[in-house]
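I have placed the structure first, in the form of structure tokens, so that the comments after it can refer back to it.
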Amino acid sequence: MERIKARVLPALGIVSLAALAACGTSTTGGGGGNGGSGPLSSCIGSVTVASDLPTSGGDASIGGGTEKGVKLAVDQANAAKLLGGCTVNYIAKDDSSVAKGKHDPQQGAQNVTSLVANLAVVGIVGPFNSSVAVAELPITNKAGVVQISPSNTDPGLTIPGTDPDIDTASLKPTGKTTYFRVISNDVVQAQVMAQVAYKELNLKKVYDIDDQETYGKDLSNYFDQDFAKLGGTVTKRVSLPGDTKDFRPQITEAQGLGADSVFFGGVASNGSGILKKQMSDAGLTAQFLSGDGTVDPQFFVDSGAQGDGAQASSAPDTTKLASAQQFIQQYKQRYGQDVVAYSTYGYDCMNILLQAIHDVLVDNGAKLPADPVTFRTKVIAKVQGIDYKGTIGETKFDSNGDTLNHQFSVYKATGGKWVGRETVSPSAS
Amino acid sequence: MEGQGEVRAVLPPLARRRSLLRGGGLAELGSRAFPTVLIGALVLMIIDVAARSGVSVAGSQLVNGITKGAIFALIAVGYTMVYGIIELINFAHGDVFTLSAVYGKEIGRGLSWIGMSLWGVSLGSLATRGPLGLAAVLLVLFPLTMAATGITGVLIERVAYRRLRDAPRLAPLITAVGVSFILEGSMLVTQGSSNVRTDKEGWIRGTAFTAGGVDVHWADIFVVGMALLMMFALQAFIRSTRLGKAMRATAQDRDAALLSGVNINRTIAATFFIGSALAAAGGLIYSIFFDSVVWNLGFGFGIIAFTAAVLGGIGNIVGAGLGGFLIGLIYVFGGQITSGQWSNSIVFAMLIVVLTFRPVGLLGMRVPDRA
């Protein structure tokens, strides 16, 4: 169904153009752009944008819900005549493969290869997963096509040397930044959690356990650095295999070291709930801290009632943001479903891309640049310089392509549920 | 005996290995010094932890290591019994351990349900009501789970190993790996891929006593007491019952035992029953201790318990028990010294060292002397 969109949309655009000509008014959609009567009213033709998200298999609910946000942004832009007389075509790609039953880097690489080969495509929203990004970025970078991800958090995608498993330079063969993301990376997440732990919860001595996976090890590394920088002490850093079930030796050690907090860098399936439960059993009263990998219902399956009191950082709960309320309603009206965690992020990604295209067209005298390569390059420059106020707040990018919106939420385990406690951005340190 | 040739190729008999060792000075020295070096290294590790983190931390880690070792020991006994009698490394044994925790969970739920409908009191909650309730549950839950797991062990032997008893040794080894996958797969399907609660929350809680700043919990005493009880009972069973005698006879010489009227099939089935039942005791202790089970739990536990069996001397029941406790201590203290990263590596390095310098293990292989 979603792929039919590309053919249906131009027709829709013409119909709405006619409607606009008839009544001479327009409503501004979520894109927040100019109306059809603006400087682009003389624009003729169409612009093609695309998305690459995992919309089938195991990621269908989260990836599909993100794609719905992206699609809504395109539809609203067309309805509101964001590009004046020009219309927006949309191509939706799915990077899940049958072989993997979920997101597949190989499928992602294949998708973007075909998208960049289509000279009409000026920008892509996606991918969803960091592992897919690793496969896609070199392709889009070489082709000079902008990519905006709603959800990649691996810092190694943009900052060299932050993830030993990723050669950041190889993702950028041209040396130019063509990849942007609207969500903060794990470096920022750890910074937020270290700050909350040290300043707000008044914790001074942490015992740090990671789960030996890339995500967990990196998160623990960043947390240790930031916590020490603030003046706290990392009493010990241990690294345990993901199948560890017996954390008593570490709990004993933490007790012996007089730690007032235990940080777990890892995902819930690698035992964060078990650790929390055993801490309670052993009478260790230290505060349990963790990251977004722990903000997962599995945590309570393992910890039971003893999970309460744990605190962990995760992406901001956008459903609570005032700026997201209108979109959340529109989404529900359009699809009859509630938004998923990344719908707002997908929606903002596409709106940023459309806003950048709009700005290029305005600069170019309401004409589509004749040379597709020039068009693509100009869009990248506009995305780089964007200052966009959307559902998730204000988005601006640094020269690496990372968002300057560094908000994270701190969640607290309360009555068997993760409850958003506060949303914080790290203070400069 | 058919198959004996292949066995020799893999593991030469004790006598020949001893003579091999006598040939090489270094190897012989390594073999002789091994127990001293091992115990010395362990003592050094304990002293190191005590010096760096304090005596009470070292004491608590000692408790952690011994309780962990008790579970390894119970599993290791199953490996060693089966090896002693049919010279098969039963790679499915670790998964039998996991399966027993699942059985324990389901039987416990069933009992709770019956208990609830009969007396309005759940058996599970009885356990939290003091020693009497706990004793009642243990007297019901332990025997039922051990019997169920024992029967599963017998079925595995009947289906996957019996027909291959006289086949080349590689064949049952491969079916053992196959059985392991089947057990893991069926638990993955029925229990899901995440940790599952075993409903033994709060069964045995509280501190029994505190000595030198070290809290010893009732659960710790229970675990170690239970493991020792089981192993002594097994030893007595093998020494003094008719079936035990039949097991020893079968282990020594299966053909001769058959000629003297021992029912080989029944004896081997009994070995699998007992080995699996002990793993079930380990599984229940694990559930009470950690209240959690996951489909692939037995993979890691199984391999470590196998190392314990080799360390103690494969085929030697006392050795398996001793090896289990030693490996538990090495795991905990080695883990603390190396920040957890090398816990598993230390244990498996140990396996290599044992096989290189002292393949007979600490207490000597009891093949084919005793089961």
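The values are calculated or read from the model by the stated rules, or taken from the named source; none is laboratory data. What you see is a predicted model, and the numbers here were worked out from it, not measured in a lab. Neighbour counts are summed over all protein chains in view; Cβ atoms, including those assigned to glycine, are modelled from backbone coordinates with ideal geometry. Accessible surface is based on the protein model in full, side chains and every heavy atom, while ligands, DNA and RNA are left aside. Shrake-Rupley method; radii C 1.70, N 1.55, O 1.52, S 1.80 Å.
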A:Ala341 vs. criteria in a loop (DSSP other than H, G, I, E, B), in the same structural domain as A:Thr48 (by TED's automatic domain parsing) and open to solvent by 40 Å² or more (accessible area, probe 1.4 Å):
yes
Taking A:Thr235 and the conditions (1) within 29 Å of the chain's Cα centre (by Cα); (2) closer than 13 Å to A:Asp208 by Cα; (3) surrounded by fewer than 24 Cβ atoms within 10 Å (Cβ to Cβ), which numbered condition does it fall short on, given that it satisfies the others?
(1)
With respect to the numbered conditions (1) surrounded by fewer than 24 Cβ atoms within 10 Å (Cβ to Cβ); (2) modelled with pLDDT of 95 or more; (3) within 20 Å of the chain's Cα centre (by Cα), which one is the sole condition not fulfilled by A:Ala228?
(3)
Since B:Asn263 meets every condition but one in (1) farther than 24 Å from B:Val140 by Cα; (2) in contact with a strand residue (DSSP E or B) (Cβ under 9 Å, 6 or more places away or on another chain); (3) not aromatic (Phe, Trp, Tyr), which condition does it not meet?
(2)
Please tell me if A:Gly65 is touching a helix residue (DSSP H, G or I) at 6+ places or on another chain (Cβ under 7 Å) and either part of a loop (DSSP other than H, G, I, E, B) or within 16 Å of A:Ser151 (Cα to Cα) (or both).
yes
Quick one: is A:Val146 in contact (Cβ under 8 Å) with a residue 12 or more places away in the chain and open to solvent by less than 30 Å² (accessible area, probe 1.4 Å)?
yes
Only one of (1) open to solvent by less than 60 Å² (accessible area, probe 1.4 Å); (2) over 21 Å from A:Tyr90 (Cβ atoms) is not met by A:Gln325, so which one is it?
(1)
Just one of (1) crowded, with 21+ Cβ neighbours inside 10 Å; (2) without any contact (Cβ under 8 Å) to a residue 40 or more places away in the chain; (3) not acidic (Asp, Glu) trips up B:Ile268, so point out which.
(2)
Taking the stretch A:344-367 only, how many residues are outside any helix (DSSP H, G or I), within 19 Å of A:Val49 (Cα to Cα) and without any contact (Cβ under 8 Å) to a residue 40 or more places away in the chain?
1
Tally, over the stretch B:65-97, of residues that are within 12 Å of chain A (Cβ to nearest Cβ) and in contact with an Asp or Glu (Cβ under 8 Å, 6 or more places away or on another chain):
3
For B:Ser53, the lone unmet condition from (1) under 30 Å from B:Asp255 (Cβ atoms); (2) over 24 Å from the mean Cα position of the chain (by Cα); (3) modelled with pLDDT of 80 or more is (1)
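Yes/no matrix, rows are residues, columns are (1) part of a loop (DSSP other than H, G, I, E, B); (2) facing chain B (nearest Cβ under 10 Å):
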residue	(1), (2)
A:Lys276	no, no
A:Met279	no, no
A:Leu284	yes, no
A:Phe300	no, no
A:Ala305	no, yes
Taking helices (runs of 4 or more DSSP H) that fall entirely within the stretch A:158-262, which contain at least 3 residues that are within 13 Å of chain B (Cβ to nearest Cβ)?
A:214-230, A:248-257
Give just the number: which of (1) away from chain A (no Cβ under 13 Å); (2) on the phi < 0 side of the Ramachandran plot does B:Val293 not satisfy?
(1)
A:Ile62 is checked against (1) surrounded by fewer than 24 Cβ atoms within 10 Å (Cβ to Cβ); (2) closer than 17 Å to A:Gln333 by Cβ and fails just one. What number does that condition carry?
(2)
Looking at the stretch B:183-209, which of its residues are outside any loop (DSSP other than H, G, I, E, B) and either at pLDDT 85 or above or hydrophobic (A, V, I, L, M, F, W, C) (or both)?
B:Leu183, B:Glu184, B:Gly185, B:Ser186, B:Met187, B:Leu188, B:Val189, B:Thr190, B:Gln191, B:Val196, B:Ala208, B:Phe209
Quick check on A:Thr374: is it outside the structural domain of A:Tyr215 (by TED's automatic domain parsing), farther than 30 Å from A:Leu119 by Cβ and polar (S, T, N, Q)?
no
Specify the residue that is surrounded by the most Cβ atoms within 10 Å (Cβ to Cβ); the eligible residues are those in the stretch B:178-203 that are of a type in the set (Val, Ile, Thr) and within 14 Å of another protein chain (Cβ to nearest Cβ).
B:Thr198
Taking into account only those residues within the stretch A:263-272 that are assigned to a helix (DSSP H, G or I) and either more than 8 Å from chain B (Cβ to nearest Cβ) or not small (Gly, Ala, Ser) (or both), which is nearest to the chain's Cα centre (by Cα)?
A:Ala268
